[in-house]
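Contents: one structure, followed by commentary.
Only the coordinates and a few stated rules stand behind these numbers; no lab work does. It should be emphasised that the depicted structure is a prediction, and the values quoted were computed from it without experimental measurement. Here Cβ is always computed from backbone atoms with ideal geometry, including for glycine, and neighbour counts include all displayed protein chains.
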Amino acid sequence: MSSITPLPAPYTETDDPLVLPREQAIALLDGAPWQRFAVLGDSIAAGTGDPSPGYHPTGWADRVAAALTAVNPGLAYRNSGRVGATSTQVRHRQLPEILAFAPDLVHISCGGNDLFEAGGDPNRLHDNLSAVFAALAATGAQLSTFTVADVWEVERMAPMRPMRDRMATMNEVIRTVAADYDAVLTEFWDHPVRTRPTLMSADLIHFTTSGHAVVAAEVVRSLAARVDRG
């Protein structure tokens, strides 16, 4: 986490309308069958971001893991996310580790570093993501992923607006691959959190921890929709 203090958030964790209280997250996941949860990818997977006053300094994936552990106390959790990782690196360096871990629920989050600069190849990203999803789907694991939010209309984000079209392209690749492998897809492109001026860390790339709290809430909701209630 960065040591730079971000702008004060308009809410705290206890009154943020986009954040699920712990008890509600646990109730939504009641009956979830997953015993081994893995996350692989880049800094978004790793949970990078500046702390937000009034919010626990916890990344989204750790929050989801905590809710799943409350439902299944024996849950095993591994997060191989690395800052700066490209889809090629995820495919060749992280995927073998995660396959060896043998998860029954796995979230894949990468692609931004592939297309961060002009000239990135969406076709290579598609090929790498397809290979990662295919290998994990073959194990029988439930796959999960999400799109990135359209944060670039906020005034603070003006220096980063050239990224917007590339990230929209990345989202299309993610949607396509998620559909191919019946992954749980959590959509953030039009999510209301995108307009919060305190959402982004000082680097204007990563969510603050207030954003991570919202991401965790939406991922829990998406996963809950796949739980077989009998």
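List of remarks:
- Taken over segment 137-174, residues that are of a type outside the set (A, V, I, L, M) and within 15 Å of His126 (Cβ to Cβ) amount to 6.
- Selection count, segment 23-54, where residues are more than 30 Å from Asn113 (Cβ to Cβ) and touching a helix residue (DSSP H, G or I) at 6+ places or on another chain (Cβ under 7 Å): 5
- Ala158 in a helix (DSSP H, G or I), small (Gly, Ala, Ser), out of contact with any Lys or Arg (no Cβ under 8 Å at 6 or more places or on another chain) and exposed (fewer than 15 other Cβ atoms within 10 Å of the Cβ): yes
- Residue tally, condition hydrophobic (A, V, I, L, M, F, W, C), free of Cβ contacts under 8 Å to residues at least 12 places away in the same chain and outside any helix (DSSP H, G or I), over segment 74-131: 0
- Lone unmet requirement of (1) within 30 Å of Gln24 (Cβ to Cβ); (2) in a helix (DSSP H, G or I); (3) touching a strand residue (DSSP E or B) at 6+ places or on another chain (Cβ under 8 Å); (4) of a type outside the set (Ser, Thr, Tyr) for Arg226: (2)
- Verdict on Gly49 being in contact with an Asp or Glu (Cβ under 7 Å, 6 or more places away or on another chain) and closer than 24 Å to Ser201 by Cβ: no
- Total residues in segment 159-188, condition hydrophobic (A, V, I, L, M, F, W, C) and in contact with a helix residue (DSSP H, G or I) (Cβ under 6 Å, 6 or more places away or on another chain): 5
- Residue in segment 131-147 that is under 16 Å from Phe207 (Cα atoms) and of a type outside the set (Phe, Trp, Tyr) present: yes
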